[in-house]
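These notes are about the structure you will find just below.
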Amino acid sequence: MPDTTTRYELPPAGITLLGYVVRRMHKTQWLMTIPELISEGKTDKALAQVAMYAVTSSTSFGRAYYQPQFNSAGSEISEADPATGAKVSAKLVSTSPHYLITYTAIMPNEDIFSGSEEITGTTVGIHGLGMPAPSKFNFKSGDYSADLSGVLTSELALSLIGRTRIRAYGFLNFYDNANNTGKLAIDRSNKIELKINGEKLEASPAFSTQVRLT
């Protein structure tokens, strides 16, 4: 459930911005089956899995319990994903003119997912407070590699009764070195639309062992 996820990302004891980012990235199960998919020649499915990890590890949906404490520029935090053992690290590179965060997830088999997001400011609209973040990602598994980029906006939907929600929306474009290309869009209801090589895939924000062609 989304609130269970955000309760982990925003634990009762409190957490810093980088700690939140690291826990948000603790969804590396999406990357576990990629070596097998590549060995079977299913690089289109592998690219889909990478894209699903990129978007789910960059967004939160559920109760916004509080605002994380800010880190100082140059701070870095690491914490293993308890589900997979992947080493996840995040660094706050700078705070001016924008917040620039870089991160990596190193899988037990040494596959590497890395990325960056630049929080360019806060927007105010009828849907809530938005924080657009142009983002770039790279994934490497042996000779296979994929690159992704787009803009993912985190949004706080405010409530007068103390049940402020966090959600996101945005898009990613991506490609790999096996000549696959793709697009992904996510909306405020956490609905994901995913296309690989022009074909629509069935995708769920919750982890599953595969993304299916429809």
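Computed quantities for the displayed model
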{"quantity": "Among (1) at pLDDT 95 or above; (2) within 24 Å of Ile166 (Cβ to Cβ), the one test that Met107 misses", "calculated": "(2)"}
{"quantity": "First in segment 173-196 and on the phi > 0 side of the Ramachandran plot, second anywhere and of a type in the set (S, T, N, Q), Cβ under 9 Å, 6 or more apart", "calculated": "Asn179/Thr43; Asn179/Asn197; Asn190/Thr59"}
{"quantity": "Whichever residue in segment 49-67 is in a loop (DSSP other than H, G, I, E, B) and hydrophobic (A, V, I, L, M, F, W, C) and, among such residues, is nearest to the chain's Cα centre (by Cα)", "calculated": "Phe61"}
{"quantity": "Segment 142-181, subset in contact with a Lys or Arg (Cβ under 6 Å, 6 or more places away or on another chain) and within 29 Å of Ile38 (Cβ to Cβ), residue surrounded by the fewest Cβ atoms within 10 Å (Cβ to Cβ)", "calculated": "Asn173"}
{"quantity": "Among the residues listed as Thr43, Thr122, Thr104, Thr95, the single one being under 22 Å from Asp143 (Cα atoms), among the β-branched types (Val, Ile, Thr) and over 17 Å from the mean Cα position of the chain (by Cα)", "calculated": "Thr43"}
{"quantity": "Ala13 being farther than 30 Å from Glu199 by Cβ, without any contact (Cβ under 8 Å) to a residue 60 or more places away in the chain and either crowded, with 16+ Cβ neighbours inside 10 Å or hydrophobic (A, V, I, L, M, F, W, C) (or both)", "calculated": "yes"}
{"quantity": "Members of segment 105-115 that are surrounded by 18 or more Cβ atoms within 10 Å (Cβ to Cβ) and either part of a strand (DSSP E or B) or without any contact (Cβ under 8 Å) to a residue 40 or more places away in the chain (or both)", "calculated": "Ala105, Ile106, Phe113, Gly115"}
{"quantity": "Residues that are at negative phi and assigned to a loop (DSSP other than H, G, I, E, B), drawn from segment 68-81", "calculated": "Pro68, Phe70, Asn71, Ser72, Ala73, Ser75, Asp81"}
{"quantity": "Flag for Gly128 being over 22 Å from His26 (Cβ atoms), surrounded by 17 or more Cβ atoms within 10 Å (Cβ to Cβ) and small (Gly, Ala, Ser)", "calculated": "yes"}
{"quantity": "Qualifying residue in segment 84-95 (condition: outside any strand (DSSP E or B), of a type outside the set (Val, Ile, Thr), in contact with a Leu (Cβ under 8 Å, 6 or more places away or on another chain) and closer than 28 Å to Trp30 by Cα)", "calculated": "yes"}
{"quantity": "Tally of residues being under 11 Å from Pro68 (Cα atoms) and part of a helix (DSSP H, G or I) across segment 9-31", "calculated": "6"}
{"quantity": "Sole exception among (1) touching a helix residue (DSSP H, G or I) at 6+ places or on another chain (Cβ under 9 Å); (2) touching a residue at least 12 places away in the same chain (Cβ under 8 Å) for Val151, by number", "calculated": "(1)"}
{"quantity": "Some residue of segment 41-51 being out of contact with any Cys (no Cβ under 8 Å at 6 or more places or on another chain), modelled with pLDDT under 95 and either within 20 Å of Pro134 (Cα to Cα) or surrounded by fewer than 14 Cβ atoms within 10 Å (Cβ to Cβ) (or both)", "calculated": "no"}
{"quantity": "Qualifying residue in segment 32-48 (condition: among the basic types (Lys, Arg), in a loop (DSSP other than H, G, I, E, B) and free of Cβ contacts under 8 Å to residues at least 24 places away in the same chain)", "calculated": "yes"}
{"quantity": "Contacts under 7 angstrom Cβ, first residue in segment 134-147 being among the charged types (D, E, K, R), partner buried (at least 17 other Cβ atoms within 10 Å of the Cβ) and not in a strand (DSSP E or B), 6 or more apart", "calculated": "Lys140/Asp111"}
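The values are calculated or read from the model by the stated rules, or taken from the named source; none is laboratory data. On a predicted model such as this, the values are computed, not experimentally measured, just so you know. Counting neighbours? That spans all protein chains shown, and the Cβs are built from the backbone with ideal geometry, glycine included.
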